[in-house]
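Visitor: Before I ask anything, let me first share the structure, which is written out below as structure tokens.
Taken together, the values in this text are just the output of simple stated rules run on the coordinates, not laboratory data. The structure displayed is predicted, hence computed values, not measured ones.
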Amino acid sequence: NETLRENVVFGGEWNEEQYRRAIKASCLEHDLETLPNNDSTEIGERGINLSGGQKARVSIARAVYSQADTLIFDDPLSALDAEVGHRVFDELILKELSGKTRLLVTNQLWCLERCDRVVVLGEDQRIAQQGTFQELMDSELNFSDMMKEFGVEDDVEEGEVDDNEATLGEDAKAADETQ
């Protein structure tokens, strides 16, 4: 069992400023205040005493603390509530890590408009389309249809995308249940 701090530092060299930036950027500050021993709290094997969102944010903080030049995020927003997800995307992925190469795998359609490039996988898990968000929206291909199907295009144009409305998995499941 390691402490939350040890989990974020992950065997790296201790740097207080770097650690504080990682905690702030991953929206863990409030959580530290609620843990019994702040960041010295043992989080248990596989983080059993943390919520899914807290586990995700500890992983995000670890990635930030590492100061790697290239970061791969595998659906980091899915375990976060809408408000925290937006803050992590805006403050961390877009701002704090702006000088780094970031690969974001996600089904959170609301954030695609703000990504440099979008790669869409087909049913065969091969690249079906790629380009900027606007290039894909302007294309005659499936991307713009998919965005319309899930009600994202109008929201994106208005700048009001609710990630609950823009989650592919939930909308696809709901559509299947009504048919």
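Visitor: Based on alpha-carbon atoms only, what is the radius of gyration of region 2-106 relative to the globular estimate 2.2 N^0.38 Å? Mind showing how you got there, number by number?
Guide: Details: Rg = 12.8 Å, N = 105, 2.2 N^0.38 = 12.9 Å.
In units of the globular-protein estimate, region 2-106 measures up at 0.99.
Visitor: Please state the shape class of region 79-126: rounded when a/c is under 1.5, otherwise prolate if a/b exceeds b/c and oblate if not, all from the C-alpha gyration tensor. All intermediate terms of the calculation are to be shown ahead of the outcome.
Guide: Values: a/c = 2.47, a/b = 1.42, b/c = 1.74.
Note, shape of region 79-126 comes out oblate.
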